[in-house]
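Student: Here's a structure for you.
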Amino acid sequence: MNKAVLTLVVGMGVSLVAQAQTIYRTTDAQGNVVFTDNPDRGGEQVELAPVTVVPSTGEVRSGPAVPRVEEAAAASASPGQPFMPYDSFRIVSPTHEQAFPVGAAGNITVDLGIEPGLREDHRVRLLVDGQVSQSAMHTSAFMVPNMNPGEHVLQAELLDAGGEVRHRTAPVTIYVLRANVNRQPAD
């Protein structure tokens with residue numbers, strides 16, 4: 001009897017240790033949030049609230065389906081809570097620290113990666129050097145005309161149905177090259 005109790009206590013202790021893993025939150029180069037149990041990837045430790053378990057009564061409910069997590073989050077979003085109904089929202093092109101030659105520098109195409117596709121009631125706008133470059137539109141591509149030579153920072157903002165900014169992409173720095181006026185002609 002004592003062996004059975006001891007085995008049960010040890011078994012429960014091992015299962016509790018297995019469930020009490022530490023979770024870390026990091027952001028990759030594309031601005032995507034990654035949760036991992038690997039401390040070698042860096043990041044900040046995430047404190048998780050304990051999970052409440054309610055035993056099932058065996059009752060099956062019929063009626064309206066439970067809303068998707070993103071719909072529930074959007075409906076009950078309050079200040080300080082994240083709103084991100086997309087798996088991916090980032091600038092795909094141009095890439096970070098991409099340089100544009102003088103001939104192509106006047107017009108820059110900015111392509112966004114939005115997965116799943118942009119919802120009908122959401123809009124996206126483009127910021128260049130922190131200023132709104134293009135007004136909010138239902139699109140995943142922008143054309144930025146007449147870029148001046150130099151360094152520029154691009155970011156896209158996700159706007160909800162009410163026009164509120166809900167998410168920003170990671171900033172992407174690009175370089176529009178200047179013409180070299182000191183270059184000697186080839187002989």
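Student: Residues of the stretch 91-135 being of a type in the set (Gly, Ala, Ser) and within 19 Å of the chain's Cα centre (by Cα), which ones?
Tutor: Ser93, Gly113, Gly117, Gly130
Student: Right, something else. Please go through the stretch 152-174 and pick out each residue that is closer than 30 Å to Pro101 by Cβ and open to solvent by less than 70 Å² (accessible area, probe 1.4 Å).
Tutor: Listed by number, the residues that qualify are His152, Val153, Leu154, Gln155, Ala156, Glu157, Thr169, Ala170, Val172, Thr173, Ile174.
Student: Sticking with this structure for a sec: Do the conditions hold for Asp187, that is, is it in a loop (DSSP other than H, G, I, E, B), at pLDDT below 90 and surrounded by 11 or more Cβ atoms within 10 Å (Cβ to Cβ)?
Tutor: So Asp187 fails the test.
Student: Of these, Asp111, Asp129, which one is of a type outside the set (Gly, Ala, Ser), at positive phi and at pLDDT 90 or above? If you could, list the steps in order and put the result at the bottom.
Tutor: Numbers: Asp111 fails: at positive phi.
Checking each option against the conditions leaves just Asp129.
The values are calculated or read from the model by the stated rules, or taken from the named source; none is laboratory data. Being a predicted model, the structure only gives us computed values, none of them experimental. Cβ: placed from backbone, ideal geometry, glycine included. Neighbour counts: every protein chain shown. Calculation scope for accessible area: heavy atoms of the full protein, side chains included, ligands and nucleic acids excluded. Shrake-Rupley method; radii C 1.70, N 1.55, O 1.52, S 1.80 Å.
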